[in-house]
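Q: Questions regarding the structure given below will be posed in turn.
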Amino acid sequence: MSTNAMIDLALDRVDWTALADNQEQLPRIYTPGEVLMPEAGFMRGHGTFVEDENIKASVAGVIEKVNKLISVRPLKSRYVGEIGDVVVARVLEVGQKRWRVDTNSRLDSLLLLSSVNLPGGELRRRSAEDEQMMRRYLDEGDLISAEVQNVFEEGTLSLYTRSLKYGKLSQGILVKVFPALVKRRKMHFHNLPCGASVILGNNGYIWISPTKTDDQVGGEGGFAQNLTEVVPRNEREVIARLRNCILALAKCKLMLYDTSIQYAYEESLKYESRELLQQHVIFDIGEQTQARLRDVDLMD
């Protein structure tokens, strides 16, 4: 049995003329252990260490200089949370009056029982009965959307879901990308015109789900799930296409937000969903999306 294989050479995808013209504008990438500058007169920041009276890079990345503070911004890193960030997280453990959750950060995050809505949105003090019912609210493996309430000194994040737009997530797809690719904006919950909803977590976890109707939103304090409801085939195809579009944008290192995702979805309609996994299709969608975003910026 023989099959046809498509081989794309990276050599054919590189615009060598543009690369030569922009050589002076490209940032300098430092490798771990490489000397940045002498220690005299400078202070070392994140991603650096001092050795033999020289400031050296401890991670691979780009140098950043703020007055006399020298730091290295890594090319790839774990999520570093800030107060007010919207995150998508997975429950790892149910503890005493708290849940331990994974937010793609260096340390596990905490969700306190006092920081969640009670079923039905009831407002009252948490009792011993609520503590015994914690597994009925959120169990190991559940996915949630939440907001960062506090950042402790060691880097642990404290989350809260005291709003009906946050809470347990139901049917959908989780996509993981580098946190730096998610653009920070005021709104991270989007109902896209293509017929699906996305939650763009600042931690690099993106949730794609069918769009809810007005009567399905809220009412259960963020603990409602519709796992028995059958999602129509056309909605599943839209979700799968969106997932492949987001991965294509991430592969091309393009920033992820509602406009870029919608443009990528529209550019992908000339392909089948399974074709979006091919390298030449990924780069075609990335180039077309980048061109449309550039045109919008010029118009503004």
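The values are calculated or read from the model by the stated rules, or taken from the named source; none is laboratory data. All of these numbers come straight from a predicted model, not from anything done at the bench. Cβ placement follows ideal geometry from the backbone for every residue including glycine, while neighbour counts extend to all protein chains displayed. Each accessible area value is taken on the protein alone, full model and side chains, heavy atoms only, with ligands, DNA and RNA left out. Shrake-Rupley method; radii C 1.70, N 1.55, O 1.52, S 1.80 Å.
Q: So for segment 41-114, Kirkwood radius off the Cα pairs, Stokes-Einstein at 20 °C and 1.002 mPa s: how many µm² s⁻¹?
A: 143 µm²/s
Q: Restricting attention to segment 106-172, which trypsin sites (Lys or Arg not before Pro) occupy a DSSP loop and are surrounded by at most 12 other Cβ atoms within 10 Å?
A: Arg124, Arg125
Q: Give me the percent of DSSP beta bridges within segment 31-74 that run antiparallel, rounded to the nearest 5.
A: 85 percent
Q: So what does Leu164 come to for accessible area, using a 1.4 Å probe and Å² rounded to 10?
A: 90 Å²
Q: To continue, here is another question. At a 1.4 Å probe, what is the % contribution of carbon and sulfur to the accessible area of segment 31-74?
A: Heavy-atom surface of segment 31-74 belonging to carbon and sulfur, 1.4 Å probe: 54 percent.
Q: What figure, in Å² to the nearest 10, do you get for the accessible area of Ile83 with a 1.4 Å probe and non-protein molecules left out?
A: 120 Å²
Q: Would you tell me the accessible area of Arg44, worked out with a 1.4 angstrom probe on the heavy atoms of the protein chains, in Å² to the nearest 10?
A: 130 Å²
Q: Based on alpha-carbon atoms only, what is the radius of gyration of segment 31-74 relative to the globular estimate 2.2 N^0.38 Å?
A: 0.96
Q: On the accessible surface of segment 226-292, probed at 1.4 Å, how many percent belong to carbon and sulfur atoms?
A: 48 percent
Q: OK, next. Could you pull out every residue, at least 5 positions away or on a different chain, whose amide H is within less than 5 Å of the one on Glu64? Hs are placed 1.01 Å off N in the peptide plane, and Pro or chain starts have none.
A: Result for Glu64 returns Ser71, Val72, Arg73.
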